[in-house]
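The values are calculated or read from the model by the stated rules, or taken from the named source; none is laboratory data. Quick caveat: nothing in here was measured; it's all calculated off a predicted structure. In this analysis, Cβ positions are derived from the backbone assuming ideal geometry, glycine residues included, and neighbour counts consider all displayed protein chains. Accessible surface is based on the protein model in full, side chains and every heavy atom, while ligands, DNA and RNA are left aside. Shrake-Rupley method; radii C 1.70, N 1.55, O 1.52, S 1.80 Å.
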Amino acid sequence: METIIMNIDSENIDYKIIDIFGKMLKEGKTVIFPTETVYGIGANALDESAAKKIYVAKGRPSDNPLLVHIAEVDDIHDLVEEVDGRAKLLMEKFWPGPLTIVFKKKRSIPNVTSGGLDTVAIRMPSDKVARSLIKASGVPIAAPSANLSGKPSPTKPEHILKDMNGRVDGILLGGACNFGVESTIIDLSGGEVVILRPGSITLEMLSEVLGEVKIDPSIMNKDDNQKAKAPGMKYTHYSPKAEVFIVEGDQKEVAKKINELNDENKEKGLKTGVLCLNKNKAMYNAQTFTLGETYEDVAKNLFDCLIELDNKGIDIAYAESYEEKDLGITIMNRLKKSAGYKIIKL
Ligand code: AMP
Ligand code: MG
């Protein structure tokens, strides 16, 4: 398939380009575009055959539903049964932004889009390119992350070109994504309020608005993984070719252990990488991939560093561990999945 690729400057949007790609979406074609979380691969959410193309391009299992993106709050009423008081509070506070809300769906949403569920997950992105594109298409846009299924989500233009060129009709390239991890998914379709996937909108932020918010146990533990309420959370995910291990303990001990393991790996002819904070970089004798200073930096840079491991031919990677609080819950969720839950505890 020939892919039309264009660059766009989010600070100075060329609306002629937006119109070209909006028209492609309206015609049932697939377009990759930037959002504030990660790059998405979009198609008309109401058109079964268009939505099917997303599964094919990603190699995604068909029981893993797609997120639906809208340009304006009012667009939601054609898609869901009811927007209750809790949803209104969340939408007022966090939309547009990186929060996806699961509702009971209307029949307008085809089964292909909802992965056969009677619910649909909806989000209104804050990224200006994404919003203008959805508006230009005139339809809600189904858009999961624009990676091949199982791989880390793309957060920079170069990640897209490597894997997706030739697999979609269009690619709209902006800059690096602001948050770097996918949206928080919260389920309001039942009685309880449950976080199905942690993201940049944290448990603490959601509890401030809604009171008690639960967290799906499958988010943190391998044993519960097969029961995940967000179907996508049960699949292998975020995995680079390199084998990833999380190393947990006192920082000095962590560095000592990783350096010993690097020596052992070297003898076997294996190349080691370390995912670490900038401030710890000098403690390691192996090649480092630095994630920044703050938890926000780590969230933003994590997928890029996982992809970089493969670009640098790393065989085994060790990642420092993070406190499972606030954004640390999100970071550890992605890290544990990329490591296949392999943790070296010191
Ligand atoms: P992605 O954007 O590729 O990271 O995937 C979207 C995530 O949302 C996947 O984990 C899906 O399983 C999940 N998801 C989408 N729709 C629903 C829904 N109706 N109920 C629960 N989870 C959903
Ligand atoms: Mg994804």
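At-a-glance table
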quantity: Normalised contact order of the chain, rounded percent, pairs of Cα under 8 Å and 6 or more residues apart; calculated: 19 percent
quantity: Contact order relative to length of segment 258-312, as percent, for alpha carbon pairs under 8 angstrom and 6 or more apart; calculated: 27 percent
quantity: Of all DSSP beta bridges in the chain, antiparallel share, percent nearest 5; calculated: 35 percent
quantity: Cα-Cα P(r), segment 1-84, percent of pairs per 10 Å interval; calculated: 14, 45, 33, 8, 0
quantity: Low-density loop positions, trypsin sites (Lys or Arg not before Pro), segment 248-344 - DSSP coil, at most 14 other Cβ in 10 Å; calculated: Lys268, Lys312, Lys325, Lys342
quantity: Relative contact order [Cα under 8 Å, 6+ residues apart], segment 101-199, whole percent; calculated: 26 percent
quantity: Cα Rg over Rh - segment 142-265, Kirkwood; calculated: 1.03
quantity: Taking the convex hull of Cα positions in segment 90-144, its mean projected area over all directions (nm²); calculated: 4.1 nm²
quantity: Distance histogram for segment 79-235 (every C-alpha pair counted, 5 angstrom bins, percent rounded to whole numbers); calculated: 2, 8, 16, 20, 22, 17, 11, 4, 1, 0
quantity: Solvent-accessible heavy-atom area per residue, rounded to whole Å², over segment 265-324 at 1.4 Å; calculated: 46 Å²
quantity: Segment 96-221, accessible surface, carbon-and-sulfur percent (1.4 angstrom probe); calculated: 51 percent
quantity: Label-point gap, in nm, between Lys279 and Glu27 - each point 7 angstrom along Cα→Cβ; calculated: 5.4 nm
quantity: Estimated FRET transfer efficiency (Ile343, Leu270; beta-carbon r; R0 22 Å; 0.05); calculated: 0.65
quantity: Alpha carbon centroid spacing (whole Å) that separates segment 289-305 from segment 1-63; calculated: 27 Å
quantity: Computed [θ] at 222 nm, deg cm²/dmol, the chain (DSSP H ≥ 4; -39,500 (n - 2.57); rounded to nearest 500); calculated: -9500 deg cm²/dmol
quantity: Relative pair counts by distance (%), Cα atoms of segment 225-330, 10 Å bins; calculated: 14, 44, 32, 9, 0
quantity: Charge tally in the Cβ shell below 11 Å around Asn301, where Lys, Arg are +1 and Asp, Glu are -1, Asn301 excluded; calculated: -3
quantity: Added length on full extension, which subtracts the Cα-Cα distance from 0.36 nm per residue, Met6 to Met220; calculated: 73.2 nm
quantity: Förster-model FRET efficiency, 25 Å R0, Glu82 and Lys135, C-beta, rounded to 0.05; calculated: 0.50
quantity: Separation of the Ile13 and Ser239 label points, Cα + 7 Å toward Cβ, nm; calculated: 3.8 nm
quantity: Cα-based convex hull volume of the chain per residue, rounded to whole Å³; calculated: 130 Å³
quantity: Å² of accessible area per residue within segment 57-144, as computed with a 1.4 Å probe and no ligands counted; calculated: 39 Å²
